[in-house]
Amino acid sequence: MTADLAKIAADRGIKYFLISYVDLFGVLRAKLVPAAAIGAMQKNGAGFAGFASHLDQTPADSDTLAIPDPASLIQLPWKPEVGWLAADLYCEGKELADVPRAVLKAQIAKAKAQGYQLKTGVECEFFLLTRDGKAIADASDSYPKPCYDQLALMRQYDLITAICDCMLQLGWKPYQNDHEDANGQFEMNWEYDDVLLTADRHVFFKYMVKTLAEQAGYRATFMPKPFNGLTGSGCHIHTSLWKDGVNLFEDPAGELGLSALAYNFLGGVMHSAADLCALFNPTVNSFKRINAPRTASGATWSPNTITYGGNNRTHMVRIPEPNRFEFRLLDGSANPYLGPAALLMAGLDGIENRRDPGKRLDIDMYAHGHTVLDAPRLPLNLLDALRLLEKSEVARKGLGESFVKSYVKLKLESWNDFMSCATEWERAHTLDC
């Protein structure tokens, strides 16, 4: 039975609701609705002009109606009179299939039909900048190898603990926070869960971090590579497949403790990683991260080849424990719904076709990767990545022709707009960055 949002508002003292959706470019859109009107919105949806955001619609299309999902409700810890809701989008009585949350839900349904449930955890990295975005917020954060720097972490104690306290209050079970590998960069972790729940929380986390940073006088950014000389921001996904409360990836008799099913799933991910790169790395800036030279701290912590290993962070996929793997390709700009949707789709394709990921590599790819001559490489830029996605039979079959067409179309339009207004220097360097 669907929860009654009007009753929940009365019981919890909620005065307003943010009815939100994420568009194809990962931008969070919303309307602020008084609690007195939430009953009608829950039934009929809040109206949006889809063309005004990054959805593949025209100005002539009917209203896009955002119907909130009560299961996604999060009461803002710093402003409890407001409730945030993820919404599903409809137009002319039909659910829009080619929008991010719907794309993920479709893959979840496919997995469920086969008896599977994907569980994910995300590692969200971000930078704290001055309000104008031109410099790192903490001028004293200048140590050349700053990862886990206790002094730099504690100088941001008030903001980091404010965010962590919110997650504790919301029941997300956060378990660690640290200063990351770049000056001004931080990572915060909370417990893994069902993929849709994690995706909704990921959306809210990014909003929460940006909001609380603004209140502290800073700007938070999840941009993949805001500074050329510093490590970029990834968004690693820890992945496992479950059935009836049992982790199907775990097999004590398997290599590194992983089951044959896990390796087939991984085989699918390896097979389609390059073709799906435009979803995992969706911006021009993304390719400054995954094709970056060595940074001041000593490593890029990002892949440029399609390889996997054991507990080895120099590969695209790491197997840290005998029950999951860590997919390290996604960056901070990845759409919280489209990233895991593409990952799940590729994994299901791997299971269906019993794809073999090949042998793992137990080498330092940063030091010796040049010796692996047959390792497939990732695209060098967004344009190449979009072309691979457009041609991918696995993506068109698994994610749908319509979605792939819409995504590539909007991204190419954005690319062309960028190239038409970019400076000569930007045009000359975009394909190589």
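Could you grab me the full set of residues in the range 125-136 that are buried (at least 21 other Cβ atoms within 10 Å of the Cβ) and not aromatic (Phe, Trp, Tyr)?
Glu125, Leu128, Leu129, Ile136
Which numbered condition in (1) closer than 14 Å to Thr231 by Cβ; (2) without any contact (Cβ under 8 Å) to a residue 60 or more places away in the chain; (3) hydrophobic (A, V, I, L, M, F, W, C) is the only one that Ala299 fails?
(2)
Give the range 46-74 a look and list any residue that's among the β-branched types (Val, Ile, Thr) and closer than 20 Å to Ala9 by Cβ, or say none.
Ile67, Ile74
Quick one: in the range 1-22, which of the residues that are open to solvent by 80 Å² or more (accessible area, probe 1.4 Å) and within 28 Å of Asn335 (Cβ to Cβ) is modelled with the lowest pLDDT?
Taking the candidates together, the pick is Thr2.
Considering each residue of the range 204-232, count those that are more than 16 Å from Ala135 (Cα to Cα) and buried (at least 19 other Cβ atoms within 10 Å of the Cβ), and give that number.
So the count comes out to 6.
Where in the range 308-424 are the helices (runs of 4 or more DSSP H), entirely inside, with at least 2 residues that are under 24 Å from Val284 (Cα atoms) and open to solvent by less than 10 Å² (accessible area, probe 1.4 Å)?
338-352, 382-391, 401-421
Does the range 241-253 contain any residue that is within 27 Å of Val372 (Cα to Cα) and in a loop (DSSP other than H, G, I, E, B)?
no
Would you call Val27 at pLDDT 95 or above, under 21 Å from Leu344 (Cβ atoms) and not polar (S, T, N, Q)?
Considered against the rule, which asks whether it is at pLDDT 95 or above, under 21 Å from Leu344 (Cβ atoms) and not polar (S, T, N, Q), Val27 comes out as no.
For the range 144-166, name all the residues that are under 15 Å from Phe227 (Cβ atoms) and open to solvent by 40 Å² or more (accessible area, probe 1.4 Å).
Across the range 144-166, the qualifying residue is only Pro144.
Pairs needed: first member in the range 376-395, closer than 21 Å to Thr307 by Cβ and at pLDDT 95 or above; second member anywhere, open to solvent by 60 Å² or more (accessible area, probe 1.4 Å) and part of a helix (DSSP H, G or I); C-beta distance under 8 Å; at least 6 residues apart or different chains.
Between residues of the range 376-395 that are closer than 21 Å to Thr307 by Cβ and at pLDDT 95 or above and residues that are open to solvent by 60 Å² or more (accessible area, probe 1.4 Å) and part of a helix (DSSP H, G or I), the close pairs are Val394/His271.
Which pairs do you get when a residue that is closer than 23 Å to Ser414 by Cα, found in the range 266-293, comes within reach of a residue that is open to solvent by 20 Å² or more (accessible area, probe 1.4 Å) and in a helix (DSSP H, G or I), reach meaning Cβ atoms under 6 angstrom, with the pair 6+ apart or on two chains?
Ala274/Leu388; Asp275/Leu388
Filter the range 46-63 down to the residues that are small (Gly, Ala, Ser) and either in contact with a helix residue (DSSP H, G or I) (Cβ under 8 Å, 6 or more places away or on another chain) or buried (at least 20 other Cβ atoms within 10 Å of the Cβ) (or both) and list them by number.
Ala46, Gly50 - these are the residues of the range 46-63 that are small (Gly, Ala, Ser) and either in contact with a helix residue (DSSP H, G or I) (Cβ under 8 Å, 6 or more places away or on another chain) or buried (at least 20 other Cβ atoms within 10 Å of the Cβ) (or both).
Could you please give the count of residues in the range 23-44 that are under 14 Å from Val99 (Cβ atoms) and open to solvent by 10 Å² or more (accessible area, probe 1.4 Å)?
Residues flagged as under 14 Å from Val99 (Cβ atoms) and open to solvent by 10 Å² or more (accessible area, probe 1.4 Å) within the range 23-44 amount to 5.
The values are calculated or read from the model by the stated rules, or taken from the named source; none is laboratory data. Owing to the predicted nature of the structure, the values given are computational and were not obtained by experimental measurement. Because the Cβ atoms are built from the backbone with ideal geometry, glycine has one as well, and the counts that use them run over all protein chains shown. Surface accessibility is based on the protein's heavy atoms, side chains included, excluding ligands, DNA and RNA. Shrake-Rupley method; radii C 1.70, N 1.55, O 1.52, S 1.80 Å.
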